[in-house]
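Input: a single structure, listed below in structure tokens.
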Amino acid sequence: MSATAWLQCGQALERLRRFDEALAAFERLAALRPDDAQAHFSRSQMLQRRGRLADALHANERVLALCADD
């Protein structure tokens, strides 16, 4: 699947409150687009929902680093 398809899939799964599956989709998206702040931000939101706060913090640090490059 394309990165756009993974993003849309993750968003749809999030709306359905299927957070584990949404996280998996956002992780695939981040792997496909390692320099995309939105991909890492979406991933961080799902990590936070799953209670994985240290992982969410790390993902947010990646977002900030990517935004600083802009």
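Rolling a 1.4 Å probe across the protein heavy atoms gives the chain an accessible surface of 64 Å² per residue. The overall shape of the chain is oblate: from the C-alpha gyration tensor, with semi-axes ordered a ≥ b ≥ c, the ratio a/c is 1.5 or greater and a/b is no larger than b/c. Mean separation of Cα pairs under 8 Å and 6 or more residues apart, divided by the residue count, gives the chain a relative contact order of 25 percent.
Taking R0 as 22 Å, what FRET efficiency do you get between residue 18 and residue 53 from their Cβ-Cβ distance, rounded to the nearest 0.05?
Given R0 = 22 Å and the Cβ-Cβ separation, E is 0.60.
I'd like the carbon and sulfur percentage of the solvent accessible area for the chain, probe radius 1.4 Å, heavy atoms only, ligands and nucleic acids excluded. Carbon and sulfur together cover 51 percent of it. With the helix formula -39500 (n - 2.57) applied to DSSP H stretches of n ≥ 4, the chain reaches a computed 222 nm mean residue ellipticity of -26000 deg cm²/dmol. Loop-resident trypsin sites (Lys or Arg not before Pro) (DSSP state other than H, G, I, E or B) in segment 6-70 with no more than 15 further Cβ atoms inside 10 Å of their Cβ: 17, 18, 50, 52.
The values are calculated or read from the model by the stated rules, or taken from the named source; none is laboratory data. From a predicted model like this one, the values you see are computed outputs, not experimental measurements. In this analysis, Cβ positions are derived from the backbone assuming ideal geometry, glycine residues included, and neighbour counts consider all displayed protein chains. Remember, those area values only see protein heavy atoms, side chains included, never the ligands or the DNA or RNA. Shrake-Rupley method; radii C 1.70, N 1.55, O 1.52, S 1.80 Å.
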